[in-house]
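Single-structure report; data block below.
The values are calculated or read from the model by the stated rules, or taken from the named source; none is laboratory data. Keep in mind it's a predicted model, so treat the numbers as computed, not measured. Note that each Cβ is placed from the backbone with ideal geometry, even for glycine, and that neighbours are counted across all protein chains shown.
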Amino acid sequence: MRRKSLRLAWFETQGFRVRKTARLDRPLQRTSDIRLQSFSVAYDYPVAFTADAFDPDNRCLIDVLTRREPDKRHRIAVFIDDGVTSAMPDLAARIANYAAVHAQHIELIDVPVAIAGGETCKNDPETVPRLLATLSKFAVDRHSFAIAVGGGAVLDAVGYAAAIFHRGVRHIRFPTTVLSQCDSGVGVKNAVNSLGLKNLLGTFAPPWAIVNDSDFIGAHFRYGQAVDLTEWMVGEGKDVSDASSP
Ligand SMILES: NC(=O)c1ccc[n+]([C@@H]2O[C@H](COP(=O)([O-])OP(=O)(O)OC[C@H]3O[C@@H](n4cnc5c(N)ncnc54)[C@H](O)[C@@H]3O)[C@@H](O)[C@H]2O)c1
């Protein structure tokens with residue numbers, strides 16, 4: 001029996017599927033000699049549904065942060081859509097209070113960082129460099145968390161920066177619009193626009209967790225939709241002082 005080449009044996013010990021007929025000891029000669037290398041990585045991540053996630057009594061965020069390392073104090077950097085901040089002006093303070101109450105599990109690296117909401121952040125070529133600079137300034141590493149609170153656009157931009165920083169840091173999404181809680185928030189894509197093309201730059205990077213907080217949807221309907229309606233009416237040249245008229 002022919003002795004297995006050392007290289008073939010080594011490839012097999014590493015779990016690679018190697019064509020038995022492939023000649024690893026010779027330069028490539030025929031198409032049938034092309035070796036197929038394959039690997040698969042399984043991901044699992046929680047998709048949580050809650051309300052008032054930053055109420056100190058709500059353990060949802062603590063549970064997802066400590067899922068794999070229950071006794072550790074986890075460093076978190078938080079990025080918030082400025083549209084959400086307009087609708088919920090006390091949100092940054094509530095997050096800081098939540099972190100303080102749960103200081104045993106959470107270290108809030110700095111005050112939450114505001115990100116321009118909507119397509120603005122995906123179109124601005126400075127958004128990703130700014131996010132990367134902030135992650136670097138905060139010394140976020142592969143054991144820290146970048147948390148994004150916002151609509152699909154902010155989740156896409158922060159998710160992209162988190163995916164490429166250190167080749168991927170832990171990322172938690174708090175979707176704040178109906179679309180993002182149904183779609184972008186639960187998916188694994190992230191992207192920014194570039195060279196005039198939508199979602200040109202991006203990755204597929206599963207988040208650490210997604211927290212769907214229904215209070216954001218309430219705020220979006222109360223505030224966001226009202227702004228959208230006003231903008232639409234201004235665009236249509238209508239008098240917004242009497243928005244109740246048909
Ligand atoms: N990654 C994916 O799988 C995926 C899937 C679908 C869509 N997307 C992306 O999502 C983006 C659209 O996302 P969207 O529809 O969530 O809207 P959006 O992110 O564009 O936000 C729309 C506006 O609502 C504001 N806003 C967000 N949450 C708010 C809240 N709770 N209260 C008040 N204002 C609020 C934002 O500041 C912004 O001005 C697009 O860029 C699209 O490409 C991504």
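Residues being near the ligand (Cβ under 9 Å from one of its atoms) and either surrounded by fewer than 17 Cβ atoms within 10 Å (Cβ to Cβ) or not in a helix (DSSP H, G or I) (or both): count how many of those fall in region 201-217.
Keep residues of region 201-217 that are near the ligand (Cβ under 9 Å from one of its atoms), which gives 202, 215-217.
This time we only want the ones that are either surrounded by fewer than 17 Cβ atoms within 10 Å (Cβ to Cβ) or not in a helix (DSSP H, G or I) (or both), so: 202, 215.
Total meeting the criteria: 2.
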Flagged pairs (Cβ under 9 angstrom, 6 or more apart or on separate chains; first in region 129-146, part of a helix (DSSP H, G or I); second charged (D, E, K, R)) are ARG130/ASP124; THR134/ASP110; LYS137/ASP110
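Looking only at region 76-97, which residues are more than 24 Å from ARG142 (Cβ to Cβ) and within 11 Å of the ligand (Cβ to nearest atom)? Don't jump to the end; show me each part of the working.
Within region 76-97, the subset more than 24 Å from ARG142 (Cβ to Cβ) is 81-94, 96-97.
The answer is ASP81, ASP82, GLY83, VAL84, THR85, SER86, ALA87, MET88, LEU91.
Restricting to region 119-146, give me the number of residues that are more than 9 Å from the ligand (Cβ to nearest atom) and either under 18 Å from ALA87 (Cβ atoms) or not assigned by TED's automatic domain parsing to the domain that holds ALA87 (or both).
Taking region 119-146 and keeping what is more than 9 Å from the ligand (Cβ to nearest atom), we get 123-146.
Now narrow it down to the ones that are either under 18 Å from ALA87 (Cβ atoms) or not assigned by TED's automatic domain parsing to the domain that holds ALA87 (or both): none.
Residues meeting the conditions: 0.
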Cβ pairs under 8 Å, 6+ apart or interchain, first in region 183-194 and over 15 Å from ALA162 (Cβ atoms) and in a helix (DSSP H, G or I), second among the β-branched types (Val, Ile, Thr) and more than 6 Å from the ligand (Cβ to nearest atom), ordered by first then second residue, are VAL186/VAL47; VAL186/ILE210
Subset of region 187-200, residues more than 8 Å from the ligand (Cβ to nearest atom), hydrophobic (A, V, I, L, M, F, W, C) and surrounded by fewer than 16 Cβ atoms within 10 Å (Cβ to Cβ), comes to LEU195, LEU197, LEU200
Going through region 60-106 in order, the residues found to be part of a loop (DSSP other than H, G, I, E, B) and surrounded by 15 or more Cβ atoms within 10 Å (Cβ to Cβ) are THR66, MET88, HIS102, HIS105
Exercise. Is it true that HIS220 is surrounded by 16 or more Cβ atoms within 10 Å (Cβ to Cβ) and either free of Cβ contacts under 8 Å to residues at least 60 places away in the same chain or among the polar types (S, T, N, Q) (or both)?
Worked result: no
